[in-house]
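This report concerns only the one structure given below.
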Amino acid sequence: MKILAFETTCDETSAAVLEGGGLRSNAVFSQIKLHRKYSGVVPELASRAHLEKIPFVLGRALRRAGIKVPLKPDVFDAVAFSRGPGLPGALMVGRVAAEAAAELSGAPLIGVNHLEGHLLACEFENGKASRPLKFPLLTLIVSGGHTELWRARGYGDYRVLGRTRDDAAGEAFDKVAKLLGLPYPGGPEVEKEAARAKGKGPEFPRPFMPGTRDFSFSGLKTAVSYYLAAKLGQDFYRRGLRLPPADIAGVCAAFQDAVVETLVKKTADAARSLGLKRIAVGGGVSANGALRAAFGRLEGLEVRFSEKAYCSDNAAMVALCALRRLEAGKFRNSLRVEPDLSAPGW
Ligand SMILES: Nc1ncnc2c1ncn2[C@@H]1O[C@H](COP(=O)(O)OP(=O)(O)OP(=O)(O)O)[C@@H](O)[C@H]1O
Ligand SMILES: [Mg+2]
């Protein structure tokens, strides 16, 4: 089976070709440079950049996969795109591109859930979907826009157990980085700084929120902001005041510890209370080395991550979601693109 897929939910424009579970191409254009000066993604700019880059990204994906243009009829068994959740304007671009490619090649169009993509990305190894997930399992999606725990009984059979009530984990990384004067996206910068920390830094609260599987990271972000205000003065951010480098590293390490401990404890508690032995972690924040190490220390639980190249947004994972649906014979020829916040099952 050959699938062409598009990903345009946020700030990566991507197209991929997957054939028989092997990736023939996965072209990704990241808009990071465009959004950096705003310290976050500007939706209108993201939509325009997707529009501008998608022909180039599609061309690259087809060329690398050795697919000739004009497209021959039946060249693809399906064309897939992320139908959400994501930025509405950005989603439209992926949908229109996918619709056109489906029309030209006579293939069915499959809209997939972007977060399911972050989960299934765990199946790729050296460009092949050769590590199929074993069910049942507990899923933790930790990305720029989401922090969610799902119980997964099989492909497409997902139940949301908890989600963030305010900031997603990635968003908290990005905002704390901004407070510290570090560039966007903040996650990798905070991780780099944290690795340089020496000695004992500040202590930030762990938002465990007993009694619920939901998450909340905005209070932790506020705790960092109060800490900085106490050190530098109330209007430190407006005045452009920043901590000395050694103290920045300490704050990053303390913040990262609090996020990691919260994610790992809540996920492990949920797995144990549900009798689940397997955990799969996906999304941009799952690239974090401290998070991987902490999950790796859990006893009696098998924890799976995707290869780092597939943690952030890419069309390879979108193609794989469509493949699993084709194999199961469960898909709608769908043009639905509204941000979809409902349960992500098929
Ligand atoms: N090493 C890292 N440590 C912590 N966070 C990281 C790391 N690398 C990336 N991130 C964070 O991951 C986020 C981006 O992830 P991803 O691309 O999956 O999110 P998104 O697609 O914007 O959001 P969503 O998938 O929820 O729609 C950013 O917030 C970024 O700071
Ligand atoms: Mg994403």
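Points to keep in mind about this one:
- Qualifying residue in the range 82-96 (condition: within 16 Å of ligand 2 (Cβ to nearest atom) and among the hydroxyl-bearing types (Ser, Thr, Tyr)): yes
- Of all the residues in the range 25-34, those that are closer than 18 Å to Leu120 by Cα and out of contact with any helix residue (DSSP H, G or I) (no Cβ under 7 Å at 6 or more places or on another chain) number 1.
- Pair list, Cβ under 6 Å, 6 or more apart: the range 133-154 residue closer than 15 Å to Leu301 by Cβ and within 16 Å of ligand 2 (Cβ to nearest atom), other residue assigned to a strand (DSSP E or B) and modelled with pLDDT of 95 or more: Thr139/Trp150; Thr139/Ala152; Thr139/Ala280; Leu140/Leu149; Leu140/Val281
- Leading residue by the ranking (farthest from ligand 1 (Cβ to nearest atom)) among those in the range 307-323 that are in contact with a helix residue (DSSP H, G or I) (Cβ under 7 Å, 6 or more places away or on another chain) and part of a helix (DSSP H, G or I): Leu320
- Note on the range 203-306: enclosed helices (runs of 4 or more DSSP H) holding 3 or more residues that are of a type outside the set (Gly, Ala, Ser) and surrounded by 19 or more Cβ atoms within 10 Å (Cβ to Cβ) are 218-232, 245-274.
- Test set (1) surrounded by 22 or more Cβ atoms within 10 Å (Cβ to Cβ); (2) more than 16 Å from ligand 1 (Cβ to nearest atom) - Gly186 fails condition number: (2)
- Within the range 106-117, the presence of a residue that is part of a loop (DSSP other than H, G, I, E, B), closer than 27 Å to Leu138 by Cα and within 16 Å of ligand 1 (Cβ to nearest atom) is excluded.
The values are calculated or read from the model by the stated rules, or taken from the named source; none is laboratory data. Please read these numbers as outputs of a predicted model, since none were measured by experiment. Quick reminder, even Gly has a Cβ in these numbers, built from the backbone with ideal geometry, and neighbours come from all protein chains shown.
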